[in-house]
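Undergrad: Could you have a look at this structure, given as structure tokens, before my questions?
The values are calculated or read from the model by the stated rules, or taken from the named source; none is laboratory data. Here the structure is a predicted model, which means the values were calculated and not measured. Cβ sites come from the backbone with ideal geometry, for glycine too, and all protein chains shown count toward neighbours.
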Ligand code: ASP
């Protein structure tokens, strides 16, 4: 009897300790992984990226601090990054091999295992908002191309002309990539994972894909389980060469490894990104967050735009491998 009581007491204490260390909310964000080495960005460019990431994290942080839903925080963060010409999502997205912009995005509600996604849309200013509408207002998970845009119109969303997305920088980049002998890869993507005060996890990802991609190509970002995944214990958003993320079902693999083998989120994410993907030549990284608020941001490239914020309100932003 005494033994049972002391066992029960220990269990209660252990739960208490866990509850004490679990942050009341957490937000982790990425703005794409790639060959971003120190010196590649000029000081003003470096500051501009950091400022925009900080602003995006701030928006999401405000939602979570006020008790808002993780889904709304993810959406708020990604909308800011889509509106910035700096990141490869929304305005400033990379161009296809025929010079068009084709955008992919998805969002997932971990607690209720709901998801919405759009692929290959060309006139949607904020694809993440349309992905949210697909989840909330249609019986489907993934809508593509003209059908997705017709759904957007029905939902009262204004479409924008392709010219809205074009930036001179992306035009020059496409030329450079097309002229490069050894298929230079220019990519990037934005994503966020969040845990709200009610303990609900969410994940979202939005991208223009890979520069010079064949038109019609769909990457991993709108594919649930590949570029984005969330359940009640784990949320992941990825960035990198999408074909590898699709073949490895990367985002889901991280959550599944955690659930099936009992390894930590950090270990699962590291094994997948630094060992599996790296071995295959799958450049990229992920942000991953578990239901205890523990997170990790591994990448096997030179850099990854990334950052996070928790209840202390301190916003941390990093770009290069060595910071
Ligand atoms: N994963 C994206 C894609 O393949 C690109 C990226 O994250 O850089 O479409």
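Undergrad: Being closer than 11 Å to residue 204 by Cβ, within 13 Å of the ligand (Cβ to nearest atom) and not in a helix (DSSP H, G or I) is the filter here; which residues of the range 91-137 pass it?
TA: Hits for the range 91-137 are 105, 106, 117.
Undergrad: Here is a follow-up. For residues that are part of a loop (DSSP other than H, G, I, E, B) and out of contact with any helix residue (DSSP H, G or I) (no Cβ under 6 Å at 6 or more places or on another chain), tally how many sit in the range 296-323.
TA: So the answer is 11.
Undergrad: Which ones in the range 213-251 are more than 8 Å from the ligand (Cβ to nearest atom), under 16 Å from residue 34 (Cβ atoms) and crowded, with 24+ Cβ neighbours inside 10 Å?
TA: Correct list: 237 only.
Undergrad: To continue, here is another question. For the range 285-295, which positions are assigned to a strand (DSSP E or B) and more than 12 Å from the chain's Cα centre (by Cα)?
TA: Passing the criteria: 290, 295.
Undergrad: Across the range 183-198, which residue is farthest from residue 32 (Cα to Cα) among those that are modelled with pLDDT under 90 and within 8 Å of the ligand (Cβ to nearest atom)?
TA: Restricting to residues being modelled with pLDDT under 90 and within 8 Å of the ligand (Cβ to nearest atom), the top hit is 187.
Undergrad: Of the residues 68, 7, 31, which is within 16 Å of the ligand (Cβ to nearest atom) and either at pLDDT 95 or above or farther than 22 Å from residue 136 by Cβ (or both)?
TA: Just one listed residue meets the conditions, 31.
Undergrad: Something else: Can you name every residue in the range 279-323 that is free of Cβ contacts under 8 Å to residues at least 12 places away in the same chain and either at positive phi or surrounded by 21 or more Cβ atoms within 10 Å (Cβ to Cβ) (or both)?
TA: Those that are free of Cβ contacts under 8 Å to residues at least 12 places away in the same chain and either at positive phi or surrounded by 21 or more Cβ atoms within 10 Å (Cβ to Cβ) (or both): none in the range 279-323.
Undergrad: Turning to a different aspect of this structure: Which number in (1) away from the ligand (no atom under 16 Å from the Cβ); (2) closer than 20 Å to residue 197 by Cα; (3) under 17 Å from the mean Cα position of the chain (by Cα) marks the one condition that residue 314 misses?
TA: All conditions pass for residue 314, except number (3).
Undergrad: Looking only at residues in the range 202-212 that are modelled with pLDDT of 95 or more and in contact with a helix residue (DSSP H, G or I) (Cβ under 6 Å, 6 or more places away or on another chain), which one is nearest to residue 32 (Cα to Cα)?
TA: Ranking the candidates gives 206 first.
Undergrad: Same structure again: Looking at (1) assigned to a loop (DSSP other than H, G, I, E, B); (2) over 19 Å from residue 219 (Cβ atoms), which one does residue 88 not meet, given that it meets all the others?
TA: Residue 88 satisfies every listed condition except (2).
Undergrad: For residues that are outside any helix (DSSP H, G or I) and free of Cβ contacts under 8 Å to residues at least 12 places away in the same chain, scanning just the range 252-278, find the one that is farthest from the ligand (Cβ to nearest atom).
TA: 262
Undergrad: Looking at (1) within 16 Å of the ligand (Cβ to nearest atom); (2) surrounded by fewer than 24 Cβ atoms within 10 Å (Cβ to Cβ); (3) in contact (Cβ under 8 Å) with a residue 40 or more places away in the chain, which is the only condition residue 208 fails?
TA: Looking at each condition in turn, residue 208 falls short on (2).
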